[in-house]
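The values are calculated or read from the model by the stated rules, or taken from the named source; none is laboratory data. Source: prediction; values computed, not measured. FYI the Cβ positions are ideal-geometry reconstructions off the backbone, even for glycines, and counts take in every protein chain you see.
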Amino acid sequence: MTAATLTLGAPAPLTSAAPLRLTSLLAANAEPHYLALASLLAGAPDETVTFLPAPDDALQVVRSAQVQLAALCGLLYVQHRAELLPLAAPVPAGSDVCGRAVYASAVVVRRDHPARRFGDLTGAAWVLNERASFSGYVALLAALEQRGLPLSVLGRPDFSGSHLASLAAVREGRAEATAVDSTVLALAFVQTPALSADLRVLTTFGPYPAPPIVAHRSLPGPRREAIRRTLTTLHHHRRGREVLALAGLTAYVPVTPRDYLPIREAARRAAALEAGPHD
C-alpha cells in the first residue's frame, strides 16, 4: 500500500450526517477489498464513506477520529481500546474453524528448507514484520513463552516492515523463516500462484481472533450499529460476496471487546518473554 499524506485540522463533530473515512492498517494485498467495502458502506441510507490509503501517521489519525473507521491488527485495537470499538471481524474462506472470525500466525519457510518442525528453526535467520505486529511478532513470542523456549531461538531477527516484504525475503533466500498473518498468506498465494510453489507453512500458532474493523468511540452509536449491520450482512447479497472474495473472505461477523481477550493474554506472555527471568 502506498502511504498517503493526510493533513487535517481538528476532526469535524461526528453528527448523524458527517462523512466518514475508512482506512486499512493491514497488508497491502487486501486494499482492493477495503476500497470496494467503503463503496458498499457509502451505499447505506444517509451514509457517506470514503476509503483513504493508510497515511504515514495512520494510527494517530484513527485514534484522533480524523479517520473514523479502520481495519487493523487486534493488538493495536487492544492497546487503544479506550478510543476504539470493534464492530466486526472477517471469516476467512477455507478456514478449518468454520464460521468463526479467527486467523493464525503462520511460520513460513522455503519449500526446499530442511526444517520439518518448529524446533528445527533454532538459530535460523528470521525476518519478521515489526514489533507492533501481532501475527508477525507477538504471537510468535507468546508461543515460545508457552513452550518454555527462550527468545534466543529467534537469534537476531531482521524486521522488514510488512508481511509481504517478509515473504519476499524468505522466497529470495535473504532469510530462512518468517511468521505472517495466515489470511495475508492465503491471499498472497491466490494472487501470486508461483509463491505457493516456492514457500510452505511449517506450523501455525493460534487460532486467534481476526483483525477487526473498528470505529472510533466518538462515532454515534446508531451509526456504529448501522455500519456493523452492513458489514455482517454482506454475504447475503451478490455484490457483497464479490467484495468479500477480493480478500479471500466469506463473511464478517459481529465482535465485542471480550472477543479480544486472547490477544491481550498473548501480549502478556510475549512481554514476559522479552522481560526475561526475574531474580
Please tell me if Val255 is of a type in the set (Val, Ile, Thr), at negative phi, touching a helix residue (DSSP H, G or I) at 6+ places or on another chain (Cβ under 7 Å) and at pLDDT 95 or above. no
Here's a check for you: in region 224-279, which residue that is among the polar types (S, T, N, Q) and assigned to a helix (DSSP H, G or I) is surrounded by the most Cβ atoms within 10 Å (Cβ to Cβ)? Thr230
Among the residues that make up region 146-154, is at least one of them in contact (Cβ under 8 Å) with a residue 60 or more places away in the chain and surrounded by 19 or more Cβ atoms within 10 Å (Cβ to Cβ)? no
Answer residue from region 126-172, given it is within 18 Å of the chain's Cα centre (by Cα) and part of a loop (DSSP other than H, G, I, E, B) and is nearest to Leu195 (Cα to Cα) among those: Ser162
Please tell me if Leu121 is modelled with pLDDT under 95, over 18 Å from the mean Cα position of the chain (by Cα), assigned by TED's automatic domain parsing to the domain that holds Gly173 and over 23 Å from Leu195 (Cβ atoms). no
So, of the residues in region 201-252 that are of a type in the set (Ser, Thr, Tyr) and in contact with a helix residue (DSSP H, G or I) (Cβ under 9 Å, 6 or more places away or on another chain), which turns out to be farthest from Ala71 (Cα to Cα)? Thr203
Inside region 119-150, can you point out the residues that are farther than 18 Å from Leu202 by Cα and among the charged types (D, E, K, R)? Glu130, Arg131, Glu145
Looking at (1) closer than 20 Å to Leu144 by Cα; (2) surrounded by 13 or more Cβ atoms within 10 Å (Cβ to Cβ); (3) not polar (S, T, N, Q), which is the one condition that is false for Ala210? (1)
Given the conditions (1) more than 24 Å from Leu69 (Cα to Cα); (2) of a type outside the set (A, V, I, L, M, F, W, C); (3) in contact (Cβ under 8 Å) with a residue 24 or more places away in the chain, which single one is not true for Ser133? (1)
Starting from residues that are at pLDDT 95 or above and out of contact with any Asp or Glu (no Cβ under 9 Å at 6 or more places or on another chain), keep the ones in region 103-118 and report whichever is farthest from Arg174 (Cα to Cα). Val107
